[in-house]
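Some notes on the structure that comes next.
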Amino acid sequence: MYKVLNFELKGNDEMGKYYYKIYGLTLASDYEFPQFVSIDAVEDADIEIEYGGISEEINSQISKGVYGGLKKNEIWFDNHVGVFWIHDSKKINFIESGASIDDAAQYLPGMCFAILLWYRQMIMLHGACLRLNGKTIIVAGNSGSGKSTITTELIKKGALLMADDVTGIGVDNGTYISYPAFPFQKLCTDQVEKNCIDTTGLRQIRYDLNKFEIPRVDSFWDKPEKADILFRIEVSDVESLTTEEVIGAEKIKMITDSIFIKWLFVGDFKLEPNDLMRCIGLANQIKIHKICRNKEKNTINEILDYIMNNV
């Protein structure tokens with residue numbers, strides 16, 4: 001029923017570019033991402049990552065002590081690790097700032113991709129995407145909600161990973177499609193130890209050395225699929241686990257609460273009317289379940305049972 005792939009690393013071309021397939025798009029990059037799915041060189045990639053090339057206007061702003069700027073479909077910021085310029089719905093330019101190139105590049109697959117693909121009319125959710133029992137599910141929630149633990153346990157039960165931490169959903173002829181990202185999962189040290197994973201040769205996340213990148217090549221689903229169900233996990237002071245299927249307008253709130261870059265919308269970065277319409281369209285297509293857990297109590301098995309019974 002499931003398709004498991006073995007990926008071949010194809011290397012870079014004579015121009016020093018690396019080529020990948022990610023979120024249904026082709027990527028040409030100056031920087032190598034060992035965790036991405038490599039492809040042969042393409043003449044005109046959908047998106048590009050270029051080291052350097054920060055505009056003179058941005059450099060001038062940085063010299064004046066400015067740490068970020070925003071225009072329509074364009075944003076730049078200096079987070080003291082790197083300078084990142086996302087523009088033209090296609091390109092990310094970056095350079096290190098007070099750290100190494102590798103340190104800066106750690107922000108590209110998550111934050112920078114989420115912004116760029118949002119500009120490309122995709123819905124970017126803070127959660128993992130998996131194929132389970134013939135359905136495409138999203139396990140969403142804020143940092144610390146337990147998404148990675150639940151995702152790991154679901155993979156052990158036969159689920160296949162499509163995306164870890166950031167799920168990208170696009171619209172194809174009115175249908176909302178989840179696109180595969182890359183076959184790696186970030187896990188905290190306690191989960192690595194609990195699952196007896198050998199960390200020899202594994203990359204640590206440079207901005208959070210408590211996490212490792214775990215390869216999931218043998219449990220990766222590489223095809224775009226219709227998004228079916230979203231399980232949003234929230235942490236509260238509930239005495240016992242609470243679960244419910246969300247209906248009506250509350251579904252839209254669950255989706256907007258799960259947007260990966262929602263923190264940007266408190267400033268000048270706007271949730272435009274067409275963005276909201278995409279969220280409404282997704283809410284009309286999928287089922288949404290809300291799970292509230294107490295962080296001090298072990299409710300993992302209850303959550304797993306609930307998800308398995310509702311897929």
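The values are calculated or read from the model by the stated rules, or taken from the named source; none is laboratory data. A quick note: this is a predicted structure, and the numbers were derived from the prediction, not measured. Because the Cβ atoms are built from the backbone with ideal geometry, glycine has one as well, and the counts that use them run over all protein chains shown.
Which residues, taken from the range 245-285, are more than 19 Å from ALA114 (Cα to Cα) and touching a Ser or Thr at 6+ places or on another chain (Cβ under 9 Å)? If the condition is that a residue be more than 19 Å from ALA114 (Cα to Cα) and touching a Ser or Thr at 6+ places or on another chain (Cβ under 9 Å), then GLN285 is the only one that fits. Take the range 107-143 and flag every residue that is part of a loop (DSSP other than H, G, I, E, B) and crowded, with 21+ Cβ neighbours inside 10 Å. Residues satisfying the conditions are MET122, GLY141.
Of the residues making up the range 136-164, those that are among the charged types (D, E, K, R), farther than 20 Å from TYR179 by Cβ and without any contact (Cβ under 8 Å) to a residue 60 or more places away in the chain number 1.
Looking across the range 258-280, the residues that are surrounded by fewer than 17 Cβ atoms within 10 Å (Cβ to Cβ) and modelled with pLDDT of 95 or more come down to MET277, ILE280.
Residues in the range 38-73 that are farther than 17 Å from TYR107 by Cβ, at pLDDT 95 or above and under 21 Å from the mean Cα position of the chain (by Cα): SER38, ILE39, ALA45, ASP46.
Across the range 87-101, the number of residues qualifying as surrounded by 14 or more Cβ atoms within 10 Å (Cβ to Cβ) and closer than 21 Å to GLY65 by Cβ comes to 6.
Output the qualifying pairs, or none if there are none: Cβ atoms under 7 angstrom, residues six or more apart or on different chains, first residue in the range 51-70 and closer than 19 Å to PHE269 by Cβ, second residue of a type in the set (Lys, Arg) and modelled with pLDDT of 95 or more. So the pair list comes out empty.
Quickly run through the range 41-68 and pick out the residues that are in a loop (DSSP other than H, G, I, E, B) and closer than 25 Å to LEU117 by Cβ.
Selection gives ALA41, VAL42, GLU43, ASP44, ALA45, ASP46, GLY52, GLY53, ILE54, SER55, TYR67.
The condition of being of a type in the set (Val, Ile, Thr), crowded, with 16+ Cβ neighbours inside 10 Å and under 29 Å from LYS21 (Cα atoms) holds for only one of ILE214, ILE307, that being ILE214. Has the range 289-302 got at least one residue that is over 24 Å from THR152 (Cβ atoms), surrounded by fewer than 16 Cβ atoms within 10 Å (Cβ to Cβ) and among the charged types (D, E, K, R)? Looking through the range 289-302, none of the residues is over 24 Å from THR152 (Cβ atoms), surrounded by fewer than 16 Cβ atoms within 10 Å (Cβ to Cβ) and among the charged types (D, E, K, R). The set of residues in the range 29-40 that are under 14 Å from PHE94 (Cβ atoms) and either in a strand (DSSP E or B) or touching a helix residue (DSSP H, G or I) at 6+ places or on another chain (Cβ under 6 Å) (or both) comprises SER29, TYR31. Given the criteria of a type in the set (Gly, Ala, Ser), surrounded by 23 or more Cβ atoms within 10 Å (Cβ to Cβ) and either part of a strand (DSSP E or B) or touching a helix residue (DSSP H, G or I) at 6+ places or on another chain (Cβ under 9 Å) (or both), does ALA104 qualify? Judged against the criteria, ALA104 is not a match.
Name the residues in the range 101-135 that are more than 21 Å from ASN301 (Cα to Cα), among the small types (Gly, Ala, Ser) and touching a residue at least 40 places away in the same chain (Cβ under 8 Å), would you? Give the derivation first.
First pass over the range 101-135, keeping only residues more than 21 Å from ASN301 (Cα to Cα): 101-126, 134.
If we keep only those that are among the small types (Gly, Ala, Ser) as well, we get 104-105, 110, 114, 134.
Those that are more than 21 Å from ASN301 (Cα to Cα), among the small types (Gly, Ala, Ser) and touching a residue at least 40 places away in the same chain (Cβ under 8 Å): ALA105, GLY110, ALA114, GLY134.
Here VAL235 meets each of (1) among the aliphatic types (A, V, I, L, M); (2) under 16 Å from ASN294 (Cα atoms); (3) over 22 Å from the mean Cα position of the chain (by Cα) with one exception, condition (3).
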